Amino acid sequence: MKPTQVLNRTTILTAGLLLTAALFTSCRSSSPNGAVNAARHQFSFALTADIRQFTGPKHPGPQYFEGTCSALRDLGPGDFMISPGDIDPPAAIRATLDHFFGSNYVWYPVVGNHEAETPEDMAWLRTWGRQPIPGLVRRGPAGCETTTYSFDHGPAHFAVLNQYYNGKSDTGSRGDVVDPLYEWLRMDLTANRKPIVFVVGHEPISPIADMDNGRLRHKGDSLDAYPANAQRFLDLMRQHRVTAYLTAHSHNTSVTNLAGVWQVDAGHARGLGDKGARSSFLKLHVYPSGCRVDIYRDDGKGGAYQLTRSVELKAAGNP
Ligand SMILES: [Fe+2]
C-alpha cells in the first residue's frame, strides 16, 4: 500500500469522526434550566389533553393517564409535553410526569374551561407562568401575562393562548379569541421568524368528529360559538402560514386541514375516564421542512396503546 493511500484513509477517518462530533454537538446543548435543550434542526414533542382527575391519587393505574405515560415513556416522550387544557388539578398531572419522566421534563400547560372555572387551578397555572418559561419569547397581554405566552424550540415557534381571557380577566370569557388576544397573537406571529409555527388553545375552531368512531362533541359551543372571531382567528393563522393549531376540548381525536391550516385535536388521554372514544396521545416530529404527527390510541378498554395513524403536515397546511 502506498503512503498516500494510508494518508487518504486516515484523513477520511479523522474527518468523519470530526463531522460526527460536530453534528452531535450541534444537535444537543444545555438550556439555562438544566434540561437538555432542542435539537437545533429537528425534535419531537408529546401532546396530551383532557386528562382531568384521571391520574393518581384519585384514579391511579395503567387504565388511566398513568397508562398513557407508561406507553409514552417506552416510546420516548420527546423534548417536552404540551397539554391544551382540562388538566385539573394540574399539580396531580405534574406529579405523574415527575414520576414517569423526571422533574426536569418540561410541561407546557394550557388553560381549559375546567381550569378557568376553578380558582385553585388558576392559582397553580399563574404561579407556573410567573416562573421562567423555557424558551420564552413573549408574555401575554395585560391581565393574561402568565397564562398566555409564546416560546421557541429548535426551528419552531409556539404561541399558547388562554381563550378564557376577556381583555381584562384571565377567566372572564366563555372560550373566544377576543380583540386583545387576537391583537397579541397578530403581533407575536408578525415578529416570528421561525419556519415552523404552532398555535395552541383549548377550544377547536370547529369541532371535528373522532377519526375512529365518529363521535362529535361541543359543536356550536367551541370557538364556533363566535363565528366571526373564529373565522378571523383562522384567517390570521393562514396568513402567517401557521403549521398547525393544537387543540382539545372535544375528547375526540382528529387531524384536519381547515382551508389551509391544520387543526390537530389531541382527544383525551384519560383512559377509561371516557369510554366514548379511545384514549390518545400524539407525538409530533418537527424537522426543517415540516412536521409529522403520530397518533397513538389505546384499545378503548384501558389496554395497550399502539400507533394508529401518521399524518404529514405539509408546510403552511398545504395538503
Ligand atoms: Fe374543555
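Each value in this text was obtained by applying a stated rule to the coordinates, not by laboratory testing. Because the structure is predicted, anything quoted here is derived from the model rather than measured. Note that we place each Cβ from the backbone using ideal geometry, even for glycine, and neighbour counts take in every protein chain shown.
Brief remarks follow.
- Inter-label distance, nm, simple model (7 Å from Cα along the C-beta direction), GLN239/GLU312: 3.0
- Long-range amide H partners of SER44 with built H, under 5 Å: ASP79, VAL286
- Taking amide hydrogens as placed 1.01 Å from N in the peptide plane, the amide H of VAL106 sits under 5 Å from those of MET81, each at least 5 positions away in sequence or on another chain.
- Rg and Dmax of the chain, based on Cα coordinates, read 20.7, 80 Å.
- With a Förster radius of 22 Å applied to the C-beta separation of ARG73 and GLN131, the computed FRET efficiency comes to 0.30.
- Neighbour net charge for GLY300 - beta-carbon separation under 12 angstrom, K R +1, D E -1: 0
- Spin-label proximity, ASP152 to the range 280-297 - amide N less than 20 Å from point 7 Å beyond Cα toward beta carbon: 286-291
- Distance between modelled label sites at ARG174 and HIS99, nm, 7 Å Cα→Cβ extension: 3.8
- Cβ-based exposure ranking for ASP50, ASP170, ASP74, ASP294, in which fewest neighbours within 10 Å come first: ASP74, ASP294, ASP170, ASP50
- If only the Cβ of Lys and Arg carry +1 and only the Cβ of Asp and Glu carry -1, the dipole of the chain around its Cα centre is close to 1120 debye.
- Overall form of the range 107-220 per C-alpha gyration tensor (a/c, 1.5; a/b vs b/c): oblate
- Exposure proxy for ARG297, ARG215: other Cβ atoms within 10 Å of each Cβ, ordered fewest to most, give ARG215, ARG297.
- Dipole of the chain computed with +1 at Lys/Arg Cβ and -1 at Asp/Glu Cβ about the Cα centre; of ALA228, GLN131, THR308, farthest Cα towards the positive end is THR308.
- Cα gyration tensor shape for the range 156-254, rounded if a/c is under 1.5, else prolate or oblate: oblate
- Near the amide H of ALA304, within less than 5 Å, lie the amide hydrogens of ASP299, all on another chain or at least 5 residues away, with H placed in the peptide plane.
- Relative contact order (%) - the chain, alpha-carbon pairs under 8 angstrom, separation at least six: 17
- Counting only DSSP beta bridges whose two residues both lie in the range 44-317, roughly 65 percent are antiparallel.
- Label-point separation, LYS275 to LYS301 (7 Å along Cα→Cβ), nm: 1.2
- Taking 0.36 nm per residue of separation and subtracting the Cα-Cα distance, full extension of the segment from GLU183 to ALA91 would add 30.0 nm.
- Table column - 3J(HN,Hα) (Hz), the range 294-307, Karplus curve with 6.51, -1.76, 1.60, x for Gly and Pro: 9, 10, 10, 9, 7, 8, x, 10, x, x, 5, 8, 9, 5
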